[in-house]
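A quick write-up on the structure given underneath.
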């Protein structure tokens, strides 16, 4: 190695060292995330069964989506997931506020609330499937005890989606709780004490003192919850497999059905659904990033 090259490396080692550590992660991210995104865009313009020769069809796959009733149902179900899944954020916040207190048995309470986060989504799906069983399930046992009629949650097209969302909210609330517990540990006690001196307590203390310091945790909770709602797949696959009568399909599950399951092998059409889902996710993430950036700029000025 030449002397000039050695001196350049020494001068820039503070820049080169972190880049070299980041390089493997960047390469993996590009190979498994960035490049497949562009490949999905490309495949969505073709009619292809995954094995034979691909036929270029332009925007025909996207035009077909506009008149596809199953795509409309899947999109509407994703909207339901988005709206109802956001309930995990305030629920996680209030559980975290409770667990942040010094009360008797708090370690046991924390373990019980933390438990859903560490178990697999497949296990969650199976547990709630048993919970919703028409005859033997715990839900109908309770309803019968109360003198009410039994219901077949997963067998009713109008209730099945809400039953699956309720199952998904269980571990998602636990995740948001953990985020807020971490954020509460970083709350400045001096600001809390100053708020008390100014007469703030209860909801006023929460709104004006605690929540502003929990903005980073809230941002992460929103992003993770929205992405989780949009890419919901495993619970639907385990609990209903898209039924009854396709009423619980979401975009990710419909994409799988069209591209990879026995019903389709239409890679181009599945990729078109994936592209739509990608843009929906991108819209929400870009909005939250812009909101955080704008708030930081305002706080600096």
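A few notes on this one:
- For the stretch 99-129, the residues whose backbone nitrogen is under 15 Å from a point 7 Å from the Cα of residue 185, taken along Cα to Cβ, are 99-101, 107, 110-111, 114.
- Cα convex hull of the stretch 189-269 - mean projected area over all directions, nm²: 8.4 nm²
- Taking 0.36 nm per residue of separation and subtracting the Cα-Cα distance, full extension of the segment from residue 30 to residue 151 would add 38.8 nm.
- Cα convex hull of the chain, projected area averaged across orientations, nm²: 25.8 nm²
- Neighbour counts of other Cβ atoms within 10 Å put 162, 254 in the fewest-to-most order 162, 254.
- With a cut-off of 20 Å on the backbone N, the residues of the stretch 266-301 near the modelled label site 7 Å out from residue 41 along Cα-Cβ are 267-287.
- Where labels lie 7 Å past Cα in the beta-carbon direction, separation of residue 91 and residue 296 in nm: 3.2 nm
- Pairwise Cα inverse-distance average, inverted: Kirkwood Rh of the stretch 81-214 (Å): 17.2 Å
- If you wrap the Cα atoms of the stretch 23-125 in a convex hull and average its projected area over all directions, you get 12.0 nm².
- Gain on full extension, evaluated as 0.36 nm per residue between residue 70 and residue 211 minus their Cα-Cα distance, stands at 46.7 nm.
- Cβ crowding within 10 Å averaged over residues, with 210-218, 65-73 ranked highest first: 210-218, 65-73
- When each of the peptides 237-247, 266-276 is scored by how many other beta carbons lie within 10 Å of its residues on average, the order from highest to lowest is 266-276, 237-247.
Values in this text are rule-based calculations from the coordinates and carry no lab data. Everything numeric here is computed off the predicted structure, so don't read it as measured data. Note that each Cβ is placed from the backbone with ideal geometry, even for glycine, and that neighbours are counted across all protein chains shown.
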